[in-house]
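Below is one structure; the comments refer to it alone.
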Amino acid sequence: MDVIKKAIVDWLREILIGGIISNLSGMFDSVNEKVGEAIVEVGKSPSAWNSSIFNMVQNLSETVMIPIAGVILAFVMTLELIQLVTDRNNLHDIDTWMFFKWSFKTAAHRDEHLEHRHGDF
């Protein structure tokens, strides 16, 4: 009787182990296939992934965002120049270094703006 019971248990064990291994190997194959598909999608450039959306965002960036950024930078630089002049008692106590400082700041911000615009970041 023990021999029959042991044979049935071994047979069930082999069936369960075989089923689990075949299911897991199929699952790993499926996961590997999905990862491969994801790698292909992630590896695409923005223009290759969806060119119409990329062109729309690029067009908006060049025609809307850049002029707005230019206006904001011009406003900030003008405000800073006004503050430099008024801090020195309305040009009574003025040094030329502050205009050089302002010119340098303006040029540095302009160069930074151009680097971001043309992608040389």
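Tabulated values for the structure
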{"quantity": "Ranking of Lys5, Lys101 by count of other Cβ atoms within 10 Å, fewest first", "calculated": "Lys5, Lys101"}
{"quantity": "Full-stretch length increase - Val71, Trp49 - with 0.36 nm per residue and alpha-carbon distance subtracted", "calculated": "4.6 nm"}
{"quantity": "Exposure proxy order (Cβ contacts within 10 Å, fewest to most) of Trp102, Trp11", "calculated": "Trp11, Trp102"}
{"quantity": "Estimated dipole of segment 1-56 in Debye, rounded to 20 [Cβ of Lys and Arg +1, of Asp and Glu -1, Cα centre]", "calculated": "100 debye"}
{"quantity": "Percent breakdown of C-alpha pair distances by 5 Å bin, ordered from the shortest bin, for segment 1-71", "calculated": "3, 13, 9, 9, 8, 7, 7, 6, 6, 5, 5, 5, 4, 4, 3, 2, 2, 1, 0"}
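No value in this document is a laboratory result; all are computed from the given coordinates. Bear in mind the structure is a predicted one, so any value in this text is a computation, not a measurement. Positions of Cβ are backbone-derived with ideal geometry, glycine not excepted, and every protein chain shown enters the neighbour counts.
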